[in-house]
Amino acid sequence: MEGWIEVLRTQVGEPSDNITSQYFDANQNLIWIGSSSGYTSSFLSHPSPFQLYPYTRFCSTTQNASSTPVIQLLNNKDGILSLLHNNLNFNNRTGMCRLSLNSSYFDSSSLTLLPQLFKTLSCMSLNHTTTNEVIIGSSLSLLKVDLNKPQILSHFDYQGSLSHINHQSKFLTLGKTQGTIDLFDPKSNEIIKSFIGHNGFLADLDVLGLGGSIYPMRVSSIYPSKTVSSSMLGQMSYSNNTMGLNGGNFAANDVIIDPLINIFDVRMMRSLAPIPFPFGANWVKFHPKLPNILVVASSSGEIEFVDMYDQLNIHLYQADLGRLATTPSSTVEEFTPSSLSNLQISSNGEFIAFNDSKATVHLWSQGNNTTTDFVNFPSAVIQPNMVMPSSFNSVSIESDDPLLAVGMPYYKDSLLSNFASDLTFTKEMAKLPAAIDDELVEEFQNHQQLSLSSVGPFISYDKSIYGSPYLASKYERGHLKDGLAAPKFISGTSVDGKGGAGAGAGAVGRGIKGNLEEEVFQYKPEETSKTSPTPLVAPSCYNRLEIKYSKFGVEDFDFNYYNLSGYNRLSGLENHLDNSYINPLLQLYRYSPAFYNLVTGSLLSEWLPNSNDFITTNNPQGSSVLLEMGYLFDMMYKAQGKNVRVTNFSQVLLENHMFTQQGLLNANEGKNLSSWQLRNLIINFNKFLLLQLQEDHLNQHPGLNLPLDIFGIQYEIEIKGYGGDCNVYDKIYNTQLSLDLMTPPPNNNGIPSKKFMPLGNMLPKYGSTVSTAAVATSVASLPTSSGFTLASRKNHNLLTYLEYTLNQHRSIPCRVHNLIHEIEMKSSVAKLPPLLCINLDMDNKEMKLIHGFKKWLVPEFYVNYSTTNKRIHLKPMVTQFNQDNIKYELLGYVCEIHRSDGSGSNLVSFVKVNEKWFLFNDFLVIPIPDEEVFNLTYRWKRPTIVVYHNTENNQMSSQFNHLTSQCKFDDSILYRDHFAGTIRESYKKEYELLTRSEAPTFGSLVAIDAEFVMLKPEKLEVKCNGSKQLIRPKLTSLARVSVLRGDNVEKQGVPFIDDYVVHKTKIYNYLTNFSGIEENDLDLIKSLKNLVTLQTAYRRLWLLLNMGCVFVGHGLYNDFRTINLQVPSSQIKDTAEFFYLSEYKRRLGLKFLAYVLLQEKVQTGNHDSIEDARTALMLYKKYLELVGTGTLESTLNRIYMEGQHLRFKVPDQ
């Protein structure tokens, strides 16, 4: 048995489609392959050059084949038998199915356990008496079926879970799963002899007996009957990338392989001396031509030819399992771990075959072998009949013959040009190729700098991050999914509320439990595939959402459908605005009591800068980031579950010089950013936000620094020289507002560490898949000096990183003295703030290891300050009460959702509200289980900003101090003018300021109307049929607002607010016909009117809202939406709603209602907000009158009838 070498290696399928069975054909030069996907393939040997060419391929079951691997193949003179767990298939060698048996094929009355038996099939063999009878073993019993009479099923009187069947002479050799081997006589239906083979699961079994007939897996020679087996101690289990019970390799870390091969003499009914195999025998076969030779193989690739009677005569070989098969398109070979399985020997003994876990078949033979046949006398293989196409007379390009003379070939199917109506290609399908991941480029550059000649200039493809490169999504006929896949428009609801997708059919009608079953609310990822240990695709609830616009405008979009916060009434934030990537961070800070009270508490006092310098150089809105965030948070509370826009806050950011200089502006929701760019953007914005809030608070409240008290991290740096020769000593105290998490180095012995050190320095590097077992094995192999053990790895979590970041100790060169020496520098945090904000900018390598830790993110921890060594110690729990331990709980975190399908990344946030976790994805708000929040094993889930808050801090309130009418506001702006820039004394006022005696109270009636200018036009998509679809609505801004006295007093209808708002940004359209605003009316220099800043106008309305005033107007939804004012429905009296009948599906305009009800003509020229507000007030009074007299319904019907006659237009005369 000398000189065996590998003669051929070929990949027969996708690496993800594992080979589960293999078999040499006993009649033809074919080798059969069974796959984990349920397909059987055959490959034909070709002599020159020696190659395996695909011959046939077919599905081995008529049922779903994706989850039923082929566990065994068997030769028959008329074809090939393939066994699955629930099916027996018989095909001829060309692939045609002759028979397919499953539980539904037989009469269930013949055998009561038949359905269960045919779901647990495990092995098969041919009966020794005839080649038409197949013996089938299962986990419960033993069956026999005749291929000529398949409807008849016989049942042997045998019970036990079988893993192997073979036969010699007249007996069946049955291998049980627990290691016992039974000799069974099928004629007498009884067990002849039982051998105690092993105390574990049988890995393989082979039989060599007397005679020369074809046996199920061997051609036997003349030799006394023997049975050989190998087993495994302990319970049998398989790793994720093995082939299950189909003869796959075994997980070495879960079982112990028996080093002995047991041999039994069946004729004498006794056991022989075992053969040692220290590598652990997974496969064992008798040589068909040399009966004294055994071929033994292990899963790690050791192959041994051993003489049973001269065990010193052995020949050991090592199979190369790491090198991929070279294909014509690729000559690059790459080493990755693999395992040997499915060892087989050809019937002539000239070839052995096995496969690895990458769907590659290895053929071995002796070096002096000249034959390429698998059998001694192979029969001919049927080849397909090739029909040569008939020749046609060619027509030259220069010929004058018409092209119509060229005939068309005959065809039955539709031509490719005959597109179906659902095969139209839209802009969603015409996307540019996804940009290369920046982190991948950086990793490649670092790789090149290392110049590792052993690895080469290429880096391996990471399937755990980017998915399988060989899988393409199947095209589905029909319209494309838009990410929402759910009801979107309220207009789709019928009048009775039974059809469509309104709020009644969504959040209210079915409830939270019903809505969570919808696709858009799914938070459970798809089941793990065979090629990846964790799901690669994020669930639907993490997708980037799109607001759709119908012909009725954004008011028709059903935002309530996507809010499942229930009684908590948590508000979502709209996207489709500039800088909407900040939405998750705003939601996170919104539900921190300390942060919320800080920003909303700043609104109690007044800060209204209005100088020319401030408006020109700082902020045209006359506001600050602190104030606008306070207004925004207050509106999010008052919205009570309704969606909120961040327009005003975003506009203040756009006017901030630091914001634009740091490159924090993003105008397309982060769609043009890579995963790395998006993470850096939100982290940099977080740092900017905290710093800007501190600066704004100092400007507005000199002497106070509440932001520093809330999220200021106080630390000290101590520098001192070594020994007596260096007297350098200094202490530096400073404060930072957020913490950049640092990665611990291999040890803390003074080695300088840089920010965000690669995690590979702390733990060994891994391949594309990092399993928990692999991490444990690698960590256990670390040297003791590294400070990491297996026990510490199990507890490895955020606290390891955090404690290292809080306590730094390193040595730096001394620059004070001429002597070359080092000085010691210690950096330690002296005090943690009530609100601890942690930035996590981890690269792919670091995140890959973090994904391997199931409990990396801790829900709480305790802080202990050590006075002896001035270090902060963090503990996940305390065993006994200690007043020095300060408890921090996780408030929430911003998370980047990485999309491997090229659709870009998305930012969401997980926030704990009222002891319950919620997911915020713009306007989607759903409850989410705790285990999903803390599960960071998903490759697409990357925490970016984590916030903990001190639950035991007495200085900071743990309750939200919401602003209500009972709060003491500085409302002086309601009783005085506060113009921006220069005051125009010549301008005639059209309003009369309120006096203190007229101060509004709860329930005071005021009439309001606002006018707007357009900053950006709407975006339309024109389709091929000429229709238009709104993609983005126009962006408008408040230009003028007028508020009138509405109560039945002497000055009813007299305005007390008439503000023109200054604008510094470019105005796209003044909308003069609708707004009455002329060019230059809002210009700080050229305007002839007295202007105010946006915050001045907004604060006046905000004060009226908090005082409890009731607003009367016409079409107030769009006005308040644009102003960013969330007014409760109890404080709105909208005449557009009062004079509306839903069955007509048309709302009446203010001009038409005034003409019909008040007999007045308004809006004859440009619109005037004072006139419109006064008209709305009169219509409301008329409404109260009609309700009082009980004639409202009849009046409405008359109005609509008259409107139809006049086409709802006011006559010119």
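The values are calculated or read from the model by the stated rules, or taken from the named source; none is laboratory data. Since we're looking at a predicted model, the values are computed, not measured. Every residue, glycine as well, gets a Cβ built from its backbone with ideal geometry; the counts of neighbours run over all protein chains shown. When the accessible area is computed, the model is the full protein with side chains, heavy atoms only, and any ligands, DNA or RNA have been set aside. Shrake-Rupley method; radii C 1.70, N 1.55, O 1.52, S 1.80 Å.
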Would you calculate the separation in nanometres between label points at Q662 and H962, each defined as 7 Å from the Cα along the Cα-to-beta-carbon direction?
3.2 nm
Modelled FRET efficiency - R0 22 Å, H46 with K77, Cβ distances, 0.05 increments
0.40
Would you mind giving the three semi-axes, in whole Å and largest first, of the ellipsoid equivalent to the stretch 1108-1169 according to its Cα gyration tensor?
22, 16, 11
Please work out the FRET efficiency for the pair Q1029 and E6, using the Cβ-Cβ distance as r and a Förster radius of 56 Å; give the result to the nearest 0.05.
0.35
Near S139, within a Cβ-to-Cβ distance under 14 Å, what is the net charge of the other residues, with Lys and Arg +1 and Asp and Glu -1?
+2
Computed lengthening from N1048 to L654, 0.36 nm per intervening residue step minus Cα-Cα distance
137.5 nm
Whose amide H sits under 5 Å from the amide H of L8, counting only residues 5 or more places off or on another chain, with H placed in the peptide plane?
L363
Net charge within 13 Å of I928 by Cβ-Cβ distance, Lys/Arg positive one each and Asp/Glu negative one each, not counting I928 itself?
+1
Any idea how far the Cα center of the stretch 167-198 sits from the one of the stretch 826-899, in Å?
62 Å
What do you reckon, how do C97, C1109 stack up by accessible area (1.4 Å probe), largest on top?
C97, C1109
Any idea how far the Cα center of the stretch 1099-1128 sits from the one of the stretch 675-723, in Å?
35 Å
Give the accessible area for T1001 in Å² (nearest 10); use a 1.4 Å probe, count only protein heavy atoms, and leave out ligands, DNA and RNA.
80 Å²
Residue-level accessible surface for K826, protein heavy atoms, 1.4 Å, Å²:
80 Å²
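Full-extension gain between E190 and F614, please, as 0.36 nm times their residue separation minus the C-alpha to C-alpha distance.
Stretched out fully, the E190 to F614 stretch lengthens by 142.5 nm.
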Within the P(r) computed for the stretch 593-701, what percentage of the Cα pairs occupies the region above 20 Å?
46 percent
Can you compute 3J(HN,Hα) from phi for each residue in the stretch 146-160, using the Karplus curve 6.51 cos²θ - 1.76 cosθ + 1.60 with θ = phi - 60°, rounded to whole Hz and x for Gly and Pro?
9, 5, 7, 10, x, 6, 9, 10, 9, 10, 7, 7, 9, 10, x
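For L673, L665, L340, what's the largest-to-smallest order of accessible area, 1.4 Å probe?
L665, L673, L340
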May I ask you to rank S37, S965, S298 by accessible area, largest first, using a 1.4 Å probe over the protein chains only?
S965, S37, S298
Where N is the number of residues in the stretch 989-1116, Cα Rg divided by 2.2 N^0.38 Å
1.28
Hey, rough spin-label estimate for D373 and T982, points 7 angstrom out along Cα→Cβ, what's it come to in nanometres?
10.9 nm
With every protein chain in place, the accessible area of Y1200 for a 1.4 Å probe, in Å² rounded to the nearest 10, comes to 0 Å²
In nm, spacing of pseudo-spin labels at E1079 and N727 (7 Å Cα→C-beta vector):
7.6 nm
Whole-Hz ³J(HN,Hα) from phi, Karplus 6.51 cos²θ - 1.76 cosθ + 1.60, for the stretch 939-945, glycine and proline x:
5, 8, 10, 9, x, 10, 10
So between Q151 and Y1117, what do we pick up on full extension, going 0.36 nm a residue minus the alpha carbon distance?
340.4 nm
